[in-house]
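Visitor: Sharing a structure here in structure tokens format.
The values are calculated or read from the model by the stated rules, or taken from the named source; none is laboratory data. Just so you know, these numbers come straight off a predicted model, no measurement behind them. Because the Cβ atoms are built from the backbone with ideal geometry, glycine has one as well, and the counts that use them run over all protein chains shown.
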Amino acid sequence: MSSSHMKRLAMPRSWPLTRKTDIWISRPRPSGHPLERCMAMGVVLRDVIGVAKSMREAKRALATRKIRVDGRVTTDIRRGVGVMDVLSVGDDHYRCVLDKNGKLRYASISAKEAGHKLCRIDGKTTIKGGVTQLNLHDGRNILVDDANKYNTMDTLVLDVESQKIEGHHKFEAGANCYLIGGSHTGGTAAMNEYLVKRSSKDNEVLFEDFGTIVDHVFVIGDAILPLDEVNA
């Protein structure tokens, strides 16, 4: 079998799908999202949202060019739709989040909420001409003029229509954070302290009652996520 598919028994635990109904499941194309934090577009349309009964119907829906991810039309049935992505199917909008069981959920949101997206800065690089490039958690890159304004692990608020930065949440003590990994996945908590390890171990973020590795932390500030819906 080609790498476009994988066995259901081997799929990530975060995928909210049954394992033994079929043998194969579509694998999302490589993207900025790790495999456990995204699902293929066709699988989302057919098995999660339920707007298609088969992959053939999902392809037809995509061919209408009325399906968008982060405001951009997509026709790729294997495009990964991952954490914080905004999926629009006609006039219906969804945001991908993780629930408290660590499962990917595509929660219904309003058109106003679908107008913005949170993106974590996973890295900063300097490119030709001394311009600073921010590398975001979903695989995209953004060029900025002020190199010192944004730091790794900060979160940008992007306007979906223009793809421009309209807000910024700093990674610092007191920041409201959303957990996207570990035993507290799907919850929110205020950061107490950031511990940088002088070894090969992952850096840690400490909260009031627990700690976790830095990759599991996503600063959301005062942003409202549809967590009540998926954790009900």
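Visitor: Hey, Val73 hits all of (1) more than 18 Å from Asp91 (Cβ to Cβ); (2) surrounded by fewer than 17 Cβ atoms within 10 Å (Cβ to Cβ) but one; which does it fall short on?
Guide: The one condition Val73 does not meet is (1).
Visitor: What do you reckon, is Leu62 farther than 25 Å from Ile165 by Cα, buried (at least 17 other Cβ atoms within 10 Å of the Cβ) and not small (Gly, Ala, Ser)?
Guide: yes
Visitor: Give region 185-232 a look and list any residue that's farther than 25 Å from Ser14 by Cα and of a type in the set (Lys, Arg), or say none.
Guide: Within region 185-232, Lys197, Arg198 qualify.
Visitor: Next question, about the same structure. Exactly one condition in (1) surrounded by 20 or more Cβ atoms within 10 Å (Cβ to Cβ); (2) touching a residue at least 24 places away in the same chain (Cβ under 8 Å); (3) not assigned by TED's automatic domain parsing to the domain that holds Lys164 is false for Lys100; which is it?
Guide: Checking Lys100 against (1) surrounded by 20 or more Cβ atoms within 10 Å (Cβ to Cβ); (2) touching a residue at least 24 places away in the same chain (Cβ under 8 Å); (3) not assigned by TED's automatic domain parsing to the domain that holds Lys164, the one that fails is (1).
Visitor: Let me ask another. I'm trying to understand the selection: among the residues of region 81-97, which are without any contact (Cβ under 8 Å) to a residue 60 or more places away in the chain and either within 17 Å of Arg13 (Cβ to Cβ) or in contact with a Gly (Cβ under 6 Å, 6 or more places away or on another chain) (or both)?
Guide: Across region 81-97, the qualifying residues are Gly82, Cys96.
The rows are residues; the columns are (1) within 27 Å of Pro30 (Cα to Cα); (2) polar (S, T, N, Q); (3) in contact with a helix residue (DSSP H, G or I) (Cβ under 8 Å, 6 or more places away or on another chain).
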| site | (1), (2), (3) |
| --- | --- |
| Gly115 | yes, no, no |
| Leu118 | yes, no, no |
| Asp145 | no, no, no |
| Asp154 | yes, no, no |
| Glu161 | yes, no, yes |
| Lys170 | no, no, no |
| Leu195 | no, no, no |
| Arg198 | no, no, no |
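Visitor: Can you pull out every residue in region 1-32 that is under 19 Å from Asn101 (Cβ atoms), touching a residue at least 40 places away in the same chain (Cβ under 8 Å) and not basic (Lys, Arg)?
Guide: Listed by number, the residues that qualify are Ser14, Trp15, Pro16.
Visitor: On to the next question. Please count how many residues of region 127-150 are exposed (fewer than 13 other Cβ atoms within 10 Å of the Cβ) and either modelled with pLDDT of 95 or more or not in a loop (DSSP other than H, G, I, E, B) (or both).
Guide: 4
Visitor: Within region 158-187, track down each residue that is over 19 Å from Val97 (Cβ atoms) and part of a strand (DSSP E or B).
Guide: Step one: list which residues in region 158-187 are over 19 Å from Val97 (Cβ atoms), which gives 159, 161-166, 168, 170-174.
Within region 158-187, Asp159, Ile165, Glu166, His168 meet the criteria.
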